[in-house]
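The block underneath contains the structure these notes are about, expressed in structure tokens.
The values are calculated or read from the model by the stated rules, or taken from the named source; none is laboratory data. A quick note: this is a predicted structure, and the numbers were derived from the prediction, not measured. A quick note on method: Cβ atoms are made from the backbone with ideal geometry, for glycine too, and the neighbour counts reach across all protein chains shown. Just so you know, the surface numbers come from the protein's heavy atoms only, side chains and all, with ligands and any DNA or RNA stripped out. Shrake-Rupley method; radii C 1.70, N 1.55, O 1.52, S 1.80 Å.
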Amino acid sequence: RNVLVKGGDLPNSSDAIDVFFDGQEFYELSSPRVNTRNTHGTGCTLASCIAAELAKGSSMLSAVKIAKRFVESALDYSRDLVIGNGAQGPFDHFLAFKNISQSSCRQDRFNPNDLFLYAVTDSRMNSKWGRSIAEAVKAAVEGGATIVQLREKDVETQDFVDAAKVCLEICRSYGVPLLINDRIDVALACDADGVHIGQSDMSARLARTLLGPEKVIGVSCKTPEQAHQAWIDGADYIGSGGVYPTNTKANNRTIGLDGLREVCKASKLPVVAIGGIGMSNAGAVMKLGVPSLKGVAVVSALFDRECILTETRNLHAVISEAALLPQ
């Protein structure tokens, strides 16, 4: 009922492209080829990892994606390992254990619950209130923000990178992921936990090629078709909206609660709602009653306020209460 055709050994290809068929649809799963001789056991490892993910409750396609990322990560981590003189060498299955002590990056795989209170910064609001990006982020995470996206349109690149590195230290001290909006160059320069990209930016598939398998990738989606494509391209979550009118994005078409519901029902990825969400309507969004909806993303409701810490705490309480109510 399910078939996976591996393409890792195709000659003259810069990518390793596998084809998965679930009995109804075909999926191309692409990742950059790792230039190494240490490839002994990759097929057995891939199959074992798929089996392990299925045992943990993953869907077949999700299990295949996770297994492919694991093999790619292990190949990349041990590409220069030298053991023996044969045509093939081994790759390192224990990279995760070694990374714990050797790397400062977040080790947990993306958790959809991180989307619960998604704080999106804004350079104009920081300037209005006389705050630095780091001050704004610190107040938000102290107040209960579960993930932070830096959306800074009016900041010079070097200043953005420097500020992002400071914000990253703050977020990691609280165990909160930090994503960069649009700017993959900034995400790479500061080693952020991932990026969020829009429909007019590069595809999630290309972003994955540039960032590697372990980074978080989110995609803005307004339609079920866009949500489906984000899943195929290897995104980790989607941001759907604008749910309500907002002043933070010009000419942003709203989809309303009905449009959000349709996207959530069609999405195989976790969803965070965005657009005009604040204290007055966040509860209504969280009570939409679709399992894929994991949280709300807010901008002005937090950062265009005198006290970010207080506003974040209050909003966290509102959505927490709504999430516990019967749908």
Exercise for the section: Pull up segment 45-80, narrow it to residues that are hydroxyl-bearing (Ser, Thr, Tyr) and within 19 Å of the chain's Cα centre (by Cα), then point me to the one that is surrounded by the fewest Cβ atoms within 10 Å (Cβ to Cβ). Expected result: 59
Problem - segment 268-303: number of residues that are under 24 Å from residue 131 (Cβ atoms), touching a residue at least 40 places away in the same chain (Cβ under 8 Å), open to solvent by less than 40 Å² (accessible area, probe 1.4 Å) and not in a strand (DSSP E or B) - result: 4
Practice task
Can you confirm whether segment 232-244 contains a residue that is farther than 28 Å from residue 61 by Cβ and open to solvent by 10 Å² or more (accessible area, probe 1.4 Å)?
Solution key: yes
Handout entry: Cβ-Cβ under 9 Å pairs, at least 6 apart or on other chains, segment 146-174 side within 20 Å of residue 297 (Cβ to Cβ) and at pLDDT 95 or above, far side of a type in the set (Phe, Trp, Tyr) and surrounded by 24 or more Cβ atoms within 10 Å (Cβ to Cβ)
Key = 146/118; 147/118; 148/118; 149/118
Exercise for the section: Considering every residue within segment 153-168, establish whether at least one is open to solvent by less than 10 Å² (accessible area, probe 1.4 Å) and either charged (D, E, K, R) or in contact with a His (Cβ under 8 Å, 6 or more places away or on another chain) (or both). Expected result: no
Completion exercise
Filtering segment 1-44 down to residues that are aliphatic (A, V, I, L, M), outside any strand (DSSP E or B) and surrounded by fewer than 17 Cβ atoms within 10 Å (Cβ to Cβ) yields 10
Practice task
Need at least 1 residues that are closer than 27 Å to residue 20 by Cβ and among the small types (Gly, Ala, Ser) per element, so show me which strands (runs of 3 or more DSSP E) inside segment 177-232 make the cut, counting only ones lying wholly within it.
Solution key: 194-197, 216-221
